[in-house]
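Below is one structure, written out as structure tokens; the observations come after it.
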Amino acid sequence: MTIAGFLRFACVALTLVMLGGCTDPDEERLMKQQREFDQLMQRPDLHEAIAHYDKIARRVRDALAAEFDLPAWKKSRRYDRGPEDCGFGPFENVKGWDAGDYSLGRWYTDAVIQKDRWPNAIGVLRRIAGQHGFDEVTLEVDQGGLRMFELADRWGAKLVMRTEEDAMLRAVTGCHLEPDAKRHGKPRDWKPRETGPLGPDPIIPDRSG
């Protein structure tokens, strides 16, 4: 008898004796998975989230460039799908073929935002991103020549600004359902997905040039 079979047998026996019951571990996991999936159904799908955060990041970059007269922004990393799933946390039972997060890349410019003007840069980031729900400070570093500031929104998306030898802005979405998973409306048992490095992003044109 397998462990799962033994547990089911034990549940039946206890129910008969105590007129009670116990929850099958597999059933409990599926119930948690469904609850987490239902929460994600209330969010935009992953493609909609990527387009949304791409616009916010672009607005922040444009505002920083205007405020500090920065050289043109360049892209140092491609768009990239996150881990196999949303990892540990509130959506740990939702599978990677149904949901995930996404890095929108990393932009940098060949300029340093000096220490005395760093508060101005933080003000720009908070003003622009705050209009879109980024109101939680999740990281703040000002040590030597390294300065970093990170904001998050209610869905776990993050905007990270850093300056050291140059200035950098990075954006990452929170956990969102893949469009086909959201259309399906409930967790799927299995779906193959390509792995490995991604090519140019199929959702958002690379306009970093």
Worksheet item: Of all the residues that make up segment 135-177, how many are surrounded by 19 or more Cβ atoms within 10 Å (Cβ to Cβ) and in contact with a His (Cβ under 8 Å, 6 or more places away or on another chain)?
Response: 1
Discussion item. Here is a list: V124, V137, V141. Which entry is modelled with pLDDT of 95 or more, on the phi < 0 side of the Ramachandran plot and touching a helix residue (DSSP H, G or I) at 6+ places or on another chain (Cβ under 8 Å)?
Written reply: V124
Worksheet item: Among (1) modelled with pLDDT under 95; (2) of a type in the set (D, E, K, R); (3) farther than 18 Å from P44 by Cβ, which single condition is D98 missing?
Response: (3)
Discussion item. I'd like to verify a number: residues in segment 91-127 that are of a type outside the set (A, V, I, L, M, F, W, C), touching a residue at least 60 places away in the same chain (Cβ under 8 Å) and over 30 Å from Q143 (Cα atoms), how many?
Written reply: 5
Discussion item. As an exercise: evaluate A181 against (1) surrounded by 20 or more Cβ atoms within 10 Å (Cβ to Cβ); (2) at pLDDT 95 or above; (3) not in a loop (DSSP other than H, G, I, E, B) and give the number of the one condition it does not meet.
Written reply: (2)
Fill in: segment 154-178, residues that are without any contact (Cβ under 8 Å) to a residue 24 or more places away in the chain and either among the aromatic types (F, W, Y) or more than 22 Å from M41 (Cα to Cα) (or both)
V160, R162
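With the structure loaded, tell me whether L151 is free of Cβ contacts under 8 Å to residues at least 60 places away in the same chain and touching a strand residue (DSSP E or B) at 6+ places or on another chain (Cβ under 8 Å) or whether it fails that test.
Taking the combined requirement at face value, the residue satisfies it.
Residues checked against (1) assigned to a loop (DSSP other than H, G, I, E, B); (2) surrounded by fewer than 15 Cβ atoms within 10 Å (Cβ to Cβ); (3) in contact with a Leu (Cβ under 6 Å, 6 or more places away or on another chain):
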residue	(1), (2), (3)
A66	no, yes, no
S76	no, yes, no
W97	yes, no, no
R126	no, no, no
G133	yes, yes, no
Worksheet, complete the sentence: Residue pairs qualifying under the 6 Å Cβ cut-off, at least six apart or on distinct chains, with the first in segment 38-54 being surrounded by fewer than 17 Cβ atoms within 10 Å (Cβ to Cβ) and the second being among the charged types (D, E, K, R), are none
Item to complete: Determine whether segment 111-119 contains at least one residue that is buried (at least 20 other Cβ atoms within 10 Å of the Cβ), of a type outside the set (V, I, T) and not in a strand (DSSP E or B).
Response: no
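The values are calculated or read from the model by the stated rules, or taken from the named source; none is laboratory data. Only a predicted model underlies this, so the values are computations on that prediction, with no experimental measurement involved. As a convention, Cβ positions derive from the backbone with ideal geometry for all residues, glycine included, and neighbour counts pool all protein chains shown.
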